[in-house]
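Read through the structure below, which is laid out as structure tokens, and then see the notes.
The values are calculated or read from the model by the stated rules, or taken from the named source; none is laboratory data. On a predicted model such as this, the values are computed, not experimentally measured, just so you know. Here the Cβ is made from the backbone with ideal geometry for all residues, glycine too, and neighbour counts use every protein chain on show.
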Amino acid sequence: MKPEERQAEIRAAVERDGEVSVTDLVTRYHVSGETIRRDLAQLVATGVVQKVHGGARRPSVHVENSFDERMSEQATEKAIIARKLAQVIAPGESCFIDTGTTTLACAKELAEVPDLVVITNSARIARAVARGGKTAQTFLLGGLYAADNVETVGPMVLAQIEQFQADHAIIGVAAMDAGAGALDANADEAAVARAMCARAQQVVVVAGSGKFTRRAAHRVCSYDEMDVLVTDTPPDEHFRAAIAAAGVTLC
């Protein structure tokens with residue numbers, strides 16, 4: 001068996017069982033412990049497994065830093081994503097945009113699109129679009145105010161989303177999973193994102209390359225439910241296969 005085939009099977013076993021041991025893998029594949037440790041080291045380097053004593057396990061669920069801290073992270077990658085997204089959105093179209101540092105970077109870029117209509121639960125995004133877009137129209141959804149992320153969440157927001165039908169839902173995520181799709185670290189934000197996706201003609205997920213090595217607890221949408229995935233650097237073959245199988249456009 002080729003190393004890449006064995007590593008793919010080991011990765012699948014970790015995703016299925018949660019943890020694997022070097023001893024069990026040596027027995028299963030009839031190779032040396034050194035060979036298995038090299039396999040695990042390569043998987044750890046890509047972020048798909050986490051090293052533990054005597055084996056490997058699923059990566060820990062990602063807990064996000066504060067919004068202000070995240071704003072300074074991967075700024076170059078977010079700028080690349082924002083420029084790519086601007087090529088997807090046409091003048092006069094309408095967009096849901098949920099709360100996030102990547103979506104905020106995108107909103108600042110999209111503000112230059114003529115006659116844009118934005119529906120958002122983020123006060124930061126509403127302000128960015130209003131300041132930058134001379135012809136943009138912005139709707140700020142009302143609800144329970146969450147000061148940490150300067151956003152609104154909860155049942156009132158979800159009810160107001162039902163009053164709109166948008167061309168696009170532009171959704172930021174905390175993590176991408178090859179099987180589950182787009183994930184969020186915040187249950188309230190995930191609920192808002194799902195509601196926006198349900199009321200949009202096209203679901204556009206924006207995710208920096210670092211999100212493909214993370215896990216998060218709350219489901220946003222599967223690959224079958226998204227139409228476009230915008231990232232700064234294409235993910236590995238494992239992710240690309242899942243994306244292609246679902247017919248998602250990768251930008």
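Before moving on, here are some points about what is shown:
- Filtering region 92-121 to residues that are over 20 Å from M196 (Cα atoms) and in contact (Cβ under 8 Å) with a residue 24 or more places away in the chain leaves E109, E112, V113, D115.
- Residues that are small (G, A, S) and within 20 Å of K78 (Cα to Cα), drawn from region 195-215: A207, G208, S209, G210
- Scanning region 1-60 for residues that are among the charged types (D, E, K, R), surrounded by 15 or more Cβ atoms within 10 Å (Cβ to Cβ) and part of a loop (DSSP other than H, G, I, E, B) gives a single hit, R58.
Residues are listed down the side, and each one gets a yes or a no for (1) over 11 Å from V205 (Cβ atoms); (2) in the same structural domain as R215 (by TED's automatic domain parsing); (3) of a type in the set (F, W, Y); (4) at pLDDT 95 or above:
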{"site": "V150", "(1), (2), (3), (4)": "yes, yes, no, no"}
{"site": "M156", "(1), (2), (3), (4)": "yes, yes, no, yes"}
{"site": "I161", "(1), (2), (3), (4)": "yes, yes, no, yes"}
{"site": "F164", "(1), (2), (3), (4)": "yes, yes, yes, yes"}
{"site": "A175", "(1), (2), (3), (4)": "yes, yes, no, no"}
{"site": "A178", "(1), (2), (3), (4)": "yes, yes, no, no"}
{"site": "G181", "(1), (2), (3), (4)": "no, yes, no, no"}
{"site": "A187", "(1), (2), (3), (4)": "yes, yes, no, no"}
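- Being among the aliphatic types (A, V, I, L, M) and modelled with pLDDT under 90 is a condition met by no residue of region 221-240.
- Test: residue in region 229-237 that is touching a Phe, Trp or Tyr at 6+ places or on another chain (Cβ under 6 Å), in contact (Cβ under 8 Å) with a residue 12 or more places away in the chain and under 29 Å from R6 (Cα atoms): yes
- Selection within region 157-200: residues that are outside any strand (DSSP E or B) and among the charged types (D, E, K, R). The member of this set that is farthest from the chain's Cα centre (by Cα) is E162.
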